[in-house]
Amino acid sequence: MTQHLATLDVCVHAINVKATPDPKPLDAPFVSFLPAFLKGGNGVNNGYTEILTGILADYLVYADNYKRCVGIIGSGNRNFNKQFALTAKQYAQRFGFPYLTEFELRGSENDIVRIGQMLLAYAQPTPSAAWPNPEA
């Protein structure tokens, strides 16, 4: 995504929280991307316990950073049924920001363009700019 937006002369300030595990205050609005990491189960009637993503939660809690998160984008493997992108949905519910959209695995070129257009549309300084409703 960062490379795609760079081709459009859009500057992105990305933080990989795994590579930078010490939280810091974030002073600008941001979007989080979060893959699904869940503990076992079959994705139908069990296996909804989050693992491996606590570093993002630490960042969001630190200095109330979650208040500047304008939404979250989830990813996962559709073969895992209800577990697909579930971690991002859980974060949206937990922190009260919108669940924006999702993509499978690492995403396709179409996903990159689609999500990039969504982010750019929101970033435009117009009164009508609003995050799309993923339920629509």
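What to note about this one:
- Here is the figure for the stretch 48-92: residues that are open to solvent by 40 Å² or more (accessible area, probe 1.4 Å), within 12 Å of SER32 (Cα to Cα) and among the hydroxyl-bearing types (Ser, Thr, Tyr) total 1.
- PHE97 meets each of the listed conditions (1) at pLDDT 95 or above; (2) open to solvent by 20 Å² or more (accessible area, probe 1.4 Å); (3) in a loop (DSSP other than H, G, I, E, B) apart from (2).
- For the stretch 62-78, the criterion of being among the hydroxyl-bearing types (Ser, Thr, Tyr) and in contact with a strand residue (DSSP E or B) (Cβ under 8 Å, 6 or more places away or on another chain) is satisfied by at least one residue.
- Set GLY116, GLY107, GLY71: member being small (Gly, Ala, Ser), modelled with pLDDT of 90 or more and assigned to a loop (DSSP other than H, G, I, E, B): GLY107
- Within the stretch 1-18, the residues that satisfy the criterion of being part of a loop (DSSP other than H, G, I, E, B) and open to solvent by less than 80 Å² (accessible area, probe 1.4 Å) are MET1, VAL10, VAL12, ALA14, ILE15, VAL17.
The values are calculated or read from the model by the stated rules, or taken from the named source; none is laboratory data. Source: prediction; values computed, not measured. With ideal geometry, Cβ positions are generated from the backbone for all residues, glycine too; neighbour counts draw on all protein chains shown. Side chains are part of the model used for accessible areas, which takes the heavy atoms of the whole protein and leaves out ligands, DNA and RNA. Shrake-Rupley method; radii C 1.70, N 1.55, O 1.52, S 1.80 Å.
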